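Derivation of every value follows stated rules applied to the coordinates shown; laboratory data play no part. Remember, predicted model here, so these are calculated numbers, not experimental data. No Cβ is skipped: glycine too gets one built from the backbone with ideal geometry, and neighbour counts run over all protein chains shown.
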Amino acid sequence: MIANSCEVLFDGILIGYLAYTDDSGVATFEYTKEWQKDGFSLSPLYLPLSDATFTFPALSWDTYRGLPAVFADSLPDDFGNALINAWLAAEGMDKSQFQAIDRLLYTGTRGMGALEYQPTTGPQDVQSEPVLITELISIAQKVLDSRDELQLTDREESSMAKLLQIGTSAGGARAKAVVAINESRTEIRSGQVEAPEGFQHYLLKFDGVVEHRSDTQTFGDPRGYGVMEYVYYLMATQAGIKMSHCELLREKNTNRAHFMTERFDRFDGQKYHVLSLCGIAHADFRKPGIYSYEEMLSVARQLELSYKEQEQLYRRMVFNVIARNHDDHTKNWSFMVNDDFKWTLAPAFDVAWSFKENSPWVNTHQLSIAGKRDNFHIDDMLSVAKNITGLRPSKARSIIEETIAVVSQWRELAESEGVPETLREEVWNSLRLEW
C-alpha cells in the first residue's frame, strides 16, 4: 500500500476525501462541508449528501476493491489493469501493494466522467500529442502476451508511455484508448486533455488485439469485430436506440478496422458525471444473473427518469435479446448528470454481438428477464413493459416487431461493410428472429 488517502474532485472542484482508516483495505469517504451545502449527491441511492462517513465493507472485493461503488467505477478495468501491472513489473514494484486508492491516483484526471483524484501519480498529459495506432496495437498485444515478463526496446518504451496515458482509463475488458481525432481523420492525438481545435474526443477499440493465454478470460477483439460492432451500431440506431456517433477507422495497407465512438462524457471542454448501473445500484457486474432488467427499471424510476428514457431501456433490452448481445452486464448501462444536475440515461454503448456457447460469461444474458437468462418467450419481454407506466402492450409489441425487422438486415449490412464471412454466418445463425 503506497497511498492511504486522496482528494476527490468534480471537474477540478474539491468534493470530498477517500481514506483507509485501518489495514482492512476498505476505504471511507466524506463530503466536504462546502459540497454538502452547494453540491449534489454523487450517487443518490447510496451516497446522499450528508456529513456521514461512508464505507461499504460488504461489497464484493473483486469488483469494488474496498471502495464505495461510485469511486470503483473510476478504477481501470481489465485491460487498463493489465497495462498498469506490466508497468509496475517493469518498475520493480509489487502489484499487490498497489491498492485501489493508488490506482485512482494513477488515473488522476484521466478517468471517464467528471471525477478526479489528487495528488496524481500517473502520467498526466499537459498537451495533446500525436499517436501512431500501429505502434499502440503492437505494444498492447505485447503487454497481453508477456504480462509481468514484458521487455521493451527504447522505441517501445515511448509507445508504452503513450498507451499508459490513453489506455488505462477507458474502461472495459477490451483493448482500447482515449483519443482525439481531426475532422479529416488524418491525425490522431492523445485524448486525455482538452481536444485541440478541429478535433473530437473518441474511444477507439483496437481491432485484432486479443488475449492468447488459455487460462484467462479473453481480452480484446479478434480481427473483424470492429466492423461487426459498427454494423450493430447501424442496426441499433435504426431500431430507435440512442447512441453517440460511431464510425470505423480503417487502416491503410491492412484489413484492420477499429471501432470508434464519440465520448458522451465530454462536451465543449466540460466533463459530465457518469455512473454505471454497477456503481449506482451496487449491482455486481461480475456475478451473472444476480440482477434483472426489471430491477434496472426500478432504479430508473428512483432516479426520476422520463417515460422516454424508460422506453429507451426497454428498446435496448429487446435489441439485446433479438441481436444476441449477451454482454448486457451492469457496467454496460450508465446514467449521467446533465447541466441542470438531473439524472438522465446515458447513450447506449458496447452494443455488439456477444454470444459463445459454454462461456461462463456470454452463453446467456447477464441480466435476467422474467427470471430467465435464456429460452425467452415473447410474453417475457412483454411482461417487462408492465414496469413502465404509459408503455402500452401494443406499443411494446410494435417495438419488438420493429427490432426484428431491423436485425433481419444483418446479412446484407454485414456484407456491405465487410464483416468476414465466417463471422457473418456465425452471427446470423444465432439471431433470435423467430418468435
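Relative contact order, whole percent, for the stretch 5-118 stands at 27, derived from Cα pairs under 8 Å and 6 or more residues apart. Under a model in which nothing but the beta-carbon of Lys, Arg (+1) and Asp, Glu (-1) is charged, the chain shows a dipole of about 920 debye around its Cα centre. Summary of the geometry: the stretch 317-349 and the stretch 46-65, compared by the centres of their Cα atoms, lie 23 Å apart.
Per residue, the average separation of C-alpha pairs within less than 8 Å and at least 6 apart gives the chain a relative contact order of 13 percent. When the listed pairs K142/K331; K33/K271; K271/K395; K331/K395; K142/K342 are checked against a 32 Å cut-off, the alpha-carbon distance exceeds it for K271/K395; K142/K342. Within the listed set L277, L132, L234, the Gaussian network model of the chain (springs between alpha-carbon atoms below 10 Å) gives the highest mean-square fluctuation for L132.
The relative contact order of the stretch 272-430 comes to 26 percent, based on Cα pairs under 8 Å that sit 6 or more residues apart. Model label sites at A58 and Q97, defined 7 Å from Cα along the beta-carbon direction, differ in position by 3.5 nm. Measuring from a point 7 Å past the Cα of Q409 along Cα-to-C-beta, which residues in the stretch 327-356 have an amide N at less than 18 Å? Taking a point 7 Å out along Cα→Cβ of Q409, the residues of the stretch 327-356 whose backbone N falls under 18 Å are 351-353. Sorted on the mean count of surrounding Cβ atoms within 10 Å across their residues, most packed first, peptides 325-332, 426-433 read 325-332, 426-433.
Per residue, the chain reaches -10000 deg cm²/dmol at 222 nm when only DSSP H runs of four or more residues are counted, each adding -39500 (n - 2.57).
The modelled label-to-label distance for the pair K395/R432, using points 7 Å beyond Cα in the direction of Cβ, is 2.3 nm. The magnitude of the dipole of the stretch 272-327, with charges of +1 and -1 set on the Cβ of Lys/Arg and Asp/Glu and taken from the Cα centre, is near 160 debye. Assuming 0.890 mPa s and 25 °C, estimate D for the chain with Stokes-Einstein, Rh taken as the Kirkwood radius over Cα pairs, in µm²/s. For these conditions, the coefficient is 109 µm²/s. With coordinates expressed along the principal axes, the C-alpha atoms belonging to the stretch 1-111 extend over 45, 29, 21 Å, beginning with the largest.
Across the options A180, Y272, Y17, the greatest Cα extent toward the positive end of the charge dipole of the chain (unit charges at beta carbon of Lys, Arg, Asp, Glu) belongs to Y272.
Projecting the Cα atoms of G371, A396, W410 onto the charge dipole of the stretch 272-430 (Cβ charges, centred on the Cα centre) puts G371 farthest toward the positive pole.
Full extension of the chain between E34 and H245 gives 72.2 nm of extra length, using 0.36 nm per residue less the Cα-Cα distance. Of V351, V406, V143, the residue with the greatest mean-square motion in the GNM of the chain, using alpha carbon springs below 10 Å, is V406.
Using 0.36 nm per residue and subtracting the Cα-Cα separation, the extra length available between L132 and D22 on full extension is 35.2 nm. Remark: R373, R397 ranked as R397, R373, counting other beta-carbon atoms within 10 Å and listing the fewest first.
For the chain, build the charge dipole from Cβ charges (+1 Lys, Arg; -1 Asp, Glu) around the Cα centre, then report which of Q36, A257, V26 sits farthest towards its positive end. The residue sitting most towards the positive pole is A257.
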